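Visitor: Can you read through this structure? Questions will come right after.
The values are calculated or read from the model by the stated rules, or taken from the named source; none is laboratory data. Keep in mind it's a predicted model, so treat the numbers as computed, not measured. A quick note on method: Cβ atoms are made from the backbone with ideal geometry, for glycine too, and the neighbour counts reach across all protein chains shown.
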Amino acid sequence: MASIDTEIEDVPDAQPDDRKMPVDSMTNLSISSKTNAAVGDSGFSEEQEESMEIRPTTELNMYYDMSSVPCGQLLIICNVKFDSRLGVKDRTGTEKDIEAMKNVFGKILGFRVTEHQNLTASDMQSAIATNLIPGVFDHKRSSCFAVVIMTHGKDNGLVYGTDGGIQLTKLMEPIKDCEELIGKPKIFIVQACRGSTYDKGVQLMTQDGGHEPDGQSITIPVEADFLYVYSSAPGYVSFQNPTSGSWLISELCRVLEKHYKEEDILTMLTRVCHRLAYCHASKTPSKPETNNLKQISSITSTLTKILKFMA
């Protein structure tokens with residue numbers, strides 16, 4: 001009898017017909033400077049430019065403080081069943097992904113895990129906003145905040161609630177407005193298609209062989225300290241297996257569990273990309289057009305320090 005791996009085929013987190021899908025439609029500055037002077041090419045006056053200082057950094061404060069207990073909150077939003085009018089299939093195999101995330105982030109990395117399933121587009125945003133309300137979770141004393149979204153998706157940053165699409169940027173709004181998370185790493189993991197293009201792969205020919213004084217504030221960009229981890233590159237589909245779960249989540253959890261004690265997050269994500277590129281190919285023998293296809297994770301980082309989980 002054939003093994004279960006050969007019987008269960010990979011499926012993309014595909015997108016519905018556009019015609020069927022309803023779509024939901026700087027932190028405080030404190031730099032000493034003088035005013036009332038001629039403005040130069042940089043947009044600052046000469047006196048302002050002279051008075052602005054680049055604060056020196058130390059090796060110690062190049063690392064995020066990840067010592068809080070719990071380390072932070074992981075919010076899981078996993079959509080499995082969808083309105084039939086969207087024209088997409090239900091997502092099977094998500095139980096493996098949820099189990100893996102709870103094990104690694106909850107038991108190993110010390111996050112408090114909150115799980116939601118089958119949320120509408122508006123409820124997805126509400127779930128994130130609610131978890132940032134003071135009193136729901138003490139983000140002021142925590143080191144990190146993480147969100148993982150597992151659902152269908154398409155291009156232009158659209159992911160699906162059970163009733164339709166919502167832009168990822170809209171889901172991010174409550175996080176960017178949360179003052180308690182300023183300066184802390186915010187991890188956003190998205191397991192969803194980012195388009196309809198299949199990655200057929202290419203042949204590779206192998207060859208041999210800060211210092212921050214007390215009582216003073218500094219300016220950081222609103223978009224600082226975010227880490228976005230997408231299951232595929234822009235425009236491409238993502239694969240999952242009904243038995244073993246999605247490629248990204250399974251590899252991410254595998255790498256985190258094995259290497260979190262000695263490596264920082266970006267090094268580990270490079271390992272994830274490596275495994276996705278070299279160790280995975282779709283298995284759909286009944287559909288030759290989608291058989292033996294590839295997938296690569298896409299990472300966008302505005303982290304301003306090194307993120308290394310506590311051993």
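Visitor: If you go through segment 176-187 one residue at a time, how many are surrounded by fewer than 18 Cβ atoms within 10 Å (Cβ to Cβ) and hydrophobic (A, V, I, L, M, F, W, C)?
Guide: 1
Visitor: Taking the condition of being part of a loop (DSSP other than H, G, I, E, B) and more than 16 Å from the chain's Cα centre (by Cα), how many residues in segment 268-303 meet it?
Guide: Qualifying residue count, segment 268-303: 12.
Visitor: Also: Gln125 is checked against (1) surrounded by 19 or more Cβ atoms within 10 Å (Cβ to Cβ); (2) not in a helix (DSSP H, G or I) and fails just one. What number does that condition carry?
Guide: So Gln125 meets the others, but not (2).
Visitor: Mind checking which residues of segment 282-311 are surrounded by 14 or more Cβ atoms within 10 Å (Cβ to Cβ), under 16 Å from Gln240 (Cα atoms) and out of contact with any Phe, Trp or Tyr (no Cβ under 7 Å at 6 or more places or on another chain)?
Guide: Within segment 282-311, Lys283, Thr284, Asn291, Lys294, Ile296 qualify.
Visitor: Conditions: (1) exposed (fewer than 15 other Cβ atoms within 10 Å of the Cβ); (2) part of a strand (DSSP E or B). Ile133 meets all but one. Number of the miss?
Guide: (2)
Visitor: With Ala146, Ala121 as the choices, which residue is under 15 Å from the mean Cα position of the chain (by Cα) and under 25 Å from Gln240 (Cα atoms)?
Guide: Result: Ala146 is the single residue among Ala146, Ala121 that is under 15 Å from the mean Cα position of the chain (by Cα) and under 25 Å from Gln240 (Cα atoms).
Visitor: How about segment 231-247: which of its residues are within 16 Å of Asn79 (Cα to Cα) and within 15 Å of the chain's Cα centre (by Cα)?
Guide: Ser231, Ser238, Ser246
Visitor: Now for a different question. Quick check: is even one residue across segment 106-125 over 28 Å from Val255 (Cα atoms), small (Gly, Ala, Ser) and touching a strand residue (DSSP E or B) at 6+ places or on another chain (Cβ under 6 Å)?
Guide: yes
Visitor: Something else about it: Report, by residue number, each residue of segment 84-118 that is at pLDDT below 95 and on the phi > 0 side of the Ramachandran plot.
Guide: Selection gives Gly87, Gly93.
Visitor: Pick out the one residue from Gly161, Gly165 that is within 20 Å of Ser196 (Cα to Cα) and either of a type in the set (A, V, I, L, M) or in contact with a Pro (Cβ under 9 Å, 6 or more places away or on another chain) (or both).
Guide: Details: Gly161 fails: either of a type in the set (A, V, I, L, M) or in contact with a Pro (Cβ under 9 Å, 6 or more places away or on another chain) (or both).
The match here is Gly165.
Visitor: Step by step: first the residues of segment 174-204, then only those that are more than 21 Å from Cys71 (Cβ to Cβ) and of a type in the set (Gly, Ala, Ser), then the one that is modelled with the lowest pLDDT. Which residue is that?
Guide: Taking the candidates together, the pick is Gly201.
Visitor: Of the residues that make up segment 148-168, is at least one of a type in the set (Lys, Arg) and either closer than 26 Å to Val104 by Cβ or touching a strand residue (DSSP E or B) at 6+ places or on another chain (Cβ under 8 Å) (or both)?
Guide: yes
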